1. For the stretch 54-132, give the magnitude of the charge dipole about the Cα centre (Cβ charges: +1 Lys/Arg, -1 Asp/Glu; no others), in debye to the nearest 20.
2. Could you pull out the pairs from K67/K122; K93/K193; K67/K184; K93/K159; K67/K93 whose alpha carbons sit more than 28 Å apart here?
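None of the figures in this text is laboratory data; all of them are computed from the coordinates on show. Keep in mind that what you see is a predicted model, and the values were worked out from it rather than measured. So basically every Cβ, Gly included, is an ideal-geometry build from the backbone, and we count neighbours across all protein chains shown.
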Amino acid sequence: MIKKDTARNLDIENLYALNKGRALTRKMVDLGEVSKPSATMSVIFPAFNEEGNIRRTVEEAVKVLSKVAMNWEIIVVDDGSSDATTAICDDLKARHPEVELISHGQNRGYGAALKSGIMAAKYDLIFFSDSDGQFDLRELQHLICWAADYDIVAGYRAKRQDPLHRRINAVGWNVLMRLVLGIKIRDVDCAFKLFRRAVFDQVQIRCVGAMVNTEIFAQATRLGMRIHQVKVSHFPRRHGKQSGASIHVIIKAFRELCGLWRQLHHVAPDQAGLYSATIKEAYAAPMLPDPPPISA
């Protein structure tokens with residue numbers, strides 16, 4: 001179990017005290033009913049070639065966060081996009097002072113983008129989602145309602161709106177994660193997750209690719225962190241292409257799985273996490289490039 005910071009937990013434990021019972025008993029929460037929001041939240045959107053989606057996603061987040069959080073920020077991590085994503089994000093930053101942009105000079109991978117965002121986050125709760133508009137950000141309120149009682153609140157897609165082959169791959173992958181790593185999560189790669197900041201005082205992130213969610217949950221499970229799962233809506237992608245099911249991404253994921261299985265043997269309650277001074281210094285060095293892909 002992670003150690004609790006008394007002052008911070010007092011703030012988190014007061015999250016929506018007047019609204020929590022109502023929120024938990026209704027399928028949907030009317031954001032207009034939320035009163036006196038006390039959460040402070042950092043929202044992270046990793047983005048790679050999302051010119052058709054990023055503006056809508058960020059502007060929706062601005063509307064939602066202004067109603068559910070007392071202080072908040074939106075961190076877009078542009079992971080080496082070659083389209084107009086960067087220019088659109090620059091415009092969003094100019095329009096909204098709460099928006100920050102982190103740009104990777106070249107594509108480094110989903111895990112690397114997520115790690116950059118988490119390292120830059122400054123508030124008590126950290127939420128991340130994809131930039132492709134496949135989630136209803138108003139449902140973030142469902143996760144916030146559980147933040148006082150759990151270290152991680154993870155969404156799972158009630159009805160996944162992806163092609164059949166991706167849904168089959170996801171079922172197989174979740175079963176594999178349960179058998180190999182002991183992760184009892186229904187939808188480990190669902191990009192709709194809320195963390196207490198203190199989680200990353202112990203949890204490390206080494207995976208640079210799609211295995212980052214698995215890595216986080218594997219460590220959290222081993223450390224005895226409290227995890228709650230919440231059903232969320234999922235919608236078809238409006239623009240752009242998904243890359244998660246490409247053969248190179250799958251091969252990289254299996255490589256990282258082997259390394260992660262070995263690393264789990266060294267996870268200990270006193271390990272230094274992402275936010276410790278020693279880990280910050282380690283990650284200040286340039287990241288090693290990924291190995292070249294295996295030819296199909």
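1. Details: 9 positive and 13 negative charges, 29 e Å.
Using only the charged Cβ atoms, the result is roughly 140 debye.
2. Numbers: K67/K122 19 Å; K93/K193 23 Å; K67/K184 33 Å; K93/K159 33 Å; K67/K93 19 Å.
Checking Cα-Cα distances, K67/K184; K93/K159 exceed 28 Å.
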